[in-house]
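*Asks:* Supplied in structure tokens, the structure appears directly below.
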Amino acid sequence: MKDQLIIFDTTMRDGEQSPGASMTCEEKLQIAHQLERMKVDVIEAGFPAASKGDFESVRSVAQNISNSTICGLARANEKDIRLAADAVKPAKSARVHTFIATSPIHMAQKLRMEPDEVIEQAVRSVKLAKSLCGDVEFSPEDAGRSETEFLCRILEEVISAGANTINIPDTVGYTVPEQFAKLIVQLRERIPNSDKVVWSVHCHNDLGFAVANSLASVMAGVRQIECTINGLGERAGNASLEEIVMAVRTRQDYFPCDTNIDSSQIVPASKMVSAITGFPVQPNKAIVGANAFAHESGIHQDGVIKHRETYEIMRAQDVGWTTNQLVLGKHSGRTAFKQRLSHLGIKISSEDALNSAFGRFKDLADKKHEIFDEDLMMLATENVGNQPSERYQLISLLAHSETGETPLANLVLANEGEEVYAEANGSGPIDATFKAIEKIAQSGSSLELYSVNAITRGTDSQGEVGVRLAKEARVVNGTGADTDIVVASAKAYIDALNKLSSSEEKINPQINERLFKGE
Ligand code: KIV
Ligand code: ZN
């Protein structure tokens with residue numbers, strides 16, 4: 001029997017710290033259900049002290065998910081730990097994850113604490129967390145740049161204080177695989193009570209080593225990896241879940257362990273996270289990129305036709321790629337629609353939401369004869385982010401472009417229920433549409449990113465548009481899909497505006513503040 005490699009997903013916590021990747025409670029629930037279907041062992045659902053909304057989201061995930069452990073992040077202070085323990089309490093299996101920085105630069109410049117004070121604070125925090133929740137994880141933040149001697153001291157003490165998992169973060173993505181693996185070996189050998197805990201790693205991708213560092217540490221005895229769908233996360237992101245899982249599975253001849261993950265759920269998860277956060281997946285991304293299984297050169301195509309394994313080390317269907325099968329059409333009924341969604345693992349929360357998604361399906365089927373799974377996933381995720389309670393709704397849009405003429409957009413938006421008309425010219429129909437929307441919204445935001453992708457094959461495919469808007473310190477991503485890319489662009493822009501007008505303020509768990517010294 002091989003050891004189990006625990007998969008700890010932090011898409012909804014570290015992933016959410018990517019610019020504009022904030023998720024609503026309903027979106028987090030949708031992702032949590034998908035992670036549960038994928039058999040993720042631990043779901044870090046958020047940072048409950050960040051905001052009231054984050055607390056509620058973690059609590060709601062804890063109430064609704066039964067087959068994965070639900071974890072809440074907390075800085076090493078009493079308030080954060082109590083909030084995290086409270087938020088995860090309803091879970092069948094709950095975990096509190098607390099952390100404090102241990103590198104000389106973080107202790108001196110960020111915490112302004114002496115090393116001994118950091119140890120005291122960590123031990124006090126782990127003891128408190130343990131008294132509130134049986135399962136406690138501790139992370140020495142910026143371990144990759146911490147002194148090994150100091151890590152040995154603090155980790156021995158937090159293990160004695162009751163930590164069950166020790167997670168070694170390479171917070172700034174500074175380490176390289178051999179060195180990181182050596183650090184793990186040294187810690188496990190030198191700390192006398194190291195055998196009492198599960199060893200875990202959490203790697204960032206600043207130098208592109210997040211997955212390599214994580215896998216090297218597996219060879220050094222680590223049995224939990226923290227990772228995210230599509231490698232989402234702060235700056236260059238975290239280790240990507242799909243790459244870790246498939247590397248370990250494909251190279252069973254090499255790795256001494258395997259995961260419990262149902263790999264056929266990987267692509268649906270990737271598409272869901274991309275649609276909800278507005279972060280597109282690059283086409284050549286391993287496992288989940290659109291080209292990951294495409295063979296372009298004649299020699300490769302010929303080889304694959306003769307014998308698939310000449311050029312393929314994994315099967316596309318094993319990671320959840322469907323063969324772009326036609327699944328539903330114009331005459332499909334509500335029951336077939338509902339069954340297909342449920343086959344894709346999409347739960348629609350209410351009859352109203354189902355009716356509204358079915359209405360959009362019928363509209364789409366009128367425009368596009370073949371409806372694929374990718375279209376259905378987009379319809380369902382649109383349903384999550386496009387609630388009638390949102391401030392702006394698109395009522396109608398007419399965009400005109402003609403060779404030699406200045407493009408023009410006329411549109412009607414509902415602004416808090418009141419219909420407002422605007423028109424504008426632009427350098428193209430999309431530019432004109434955004435300008436018309438801004439005449440109404442006057443958001444004062446700047447457009448940071450605009451992207452378009454075809455969801456399926458063919459010119460009747462829906463276009464999926466991503467829009468990133470920034471205003472002062474806030475950054476939000478909006479998405480929209482339609483067979484008409486001008487309409488998809490308007491929907492994406494409005495989605496971003498709705499996110500911008502929601503008032504919720506969050507804090508980042510790693511913000512530069514002095515921790516509650518002496519608490
Ligand atoms: O990167 C990091 O150090 C973290 C910790 C909170 C685990 O995200
Ligand atoms: Zn991190």
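The values are calculated or read from the model by the stated rules, or taken from the named source; none is laboratory data. These numbers come from a predicted model, not from an experiment. Neighbour counts run over all protein chains shown; Cβ positions are idealised from the backbone, glycine included. Just the protein is used for accessible areas: all its heavy atoms, side chains included, with ligands, DNA and RNA removed. Shrake-Rupley method; radii C 1.70, N 1.55, O 1.52, S 1.80 Å.
*Asks:* Keeping to the stretch 413-444, report how many residues are of a type in the set (Ser, Thr, Tyr), open to solvent by 30 Å² or more (accessible area, probe 1.4 Å) and touching a residue at least 12 places away in the same chain (Cβ under 8 Å).
*Replies:* The qualifying residues number 1.
*Asks:* Can you say whether Val197 is over 15 Å from Gly15 (Cβ atoms), within 23 Å of the chain's Cα centre (by Cα) and surrounded by 16 or more Cβ atoms within 10 Å (Cβ to Cβ), as far as the supplied structure shows? Steps first, answer last, please.
*Replies:* On the way: over 15 Å from Gly15 (Cβ atoms): yes; within 23 Å of the chain's Cα centre (by Cα): no; surrounded by 16 or more Cβ atoms within 10 Å (Cβ to Cβ): yes.
So Val197 does not fit the description; no.
*Asks:* Let me ask another. Among the listed residues Val126, Val176, Val96, Val136, which satisfies the condition of being away from ligand 1 (no atom under 14 Å from the Cβ), of a type in the set (A, V, I, L, M, F, W, C) and open to solvent by less than 10 Å² (accessible area, probe 1.4 Å)?
*Replies:* Val126
*Asks:* Here's something else I'd like to know. Report every pair of residues separated by at least 6 positions or lying on different chains whose Cβ atoms are under 9 Å apart, first residue within the stretch 180-202 and within 16 Å of ligand 2 (Cβ to nearest atom), second of a type in the set (Val, Ile, Thr) and assigned to a helix (DSSP H, G or I).
*Replies:* Qualifying pairs under 9 Å: Val201/Ile184; Val201/Val218.
*Asks:* Considering every residue within the stretch 505-513, establish whether at least one is assigned to a loop (DSSP other than H, G, I, E, B) and farther than 30 Å from Ala108 by Cα.
*Replies:* Looking through the stretch 505-513, none of the residues is assigned to a loop (DSSP other than H, G, I, E, B) and farther than 30 Å from Ala108 by Cα.
*Asks:* Now, a different point. Thr171 is checked against (1) in contact (Cβ under 8 Å) with a residue 12 or more places away in the chain; (2) away from ligand 2 (no atom under 16 Å from the Cβ) and fails just one. What number does that condition carry?
*Replies:* All conditions are met except number (2).
*Asks:* Restricting to the stretch 246-281, name every residue that is of a type in the set (D, E, K, R) and under 17 Å from Asp373 (Cβ atoms).
*Replies:* Asp262, Lys271
*Asks:* Mind checking which residues of the stretch 203-223 are assigned to a loop (DSSP other than H, G, I, E, B), under 20 Å from Asp9 (Cβ atoms) and either open to solvent by less than 30 Å² (accessible area, probe 1.4 Å) or away from ligand 2 (no atom under 16 Å from the Cβ) (or both)?
*Replies:* Val222, Arg223
*Asks:* So, in the stretch 388-412, exactly how many residues are of a type outside the set (A, V, I, L, M) and in contact with a Phe, Trp or Tyr (Cβ under 8 Å, 6 or more places away or on another chain)?
*Replies:* Residues flagged as of a type outside the set (A, V, I, L, M) and in contact with a Phe, Trp or Tyr (Cβ under 8 Å, 6 or more places away or on another chain) within the stretch 388-412 amount to 1.
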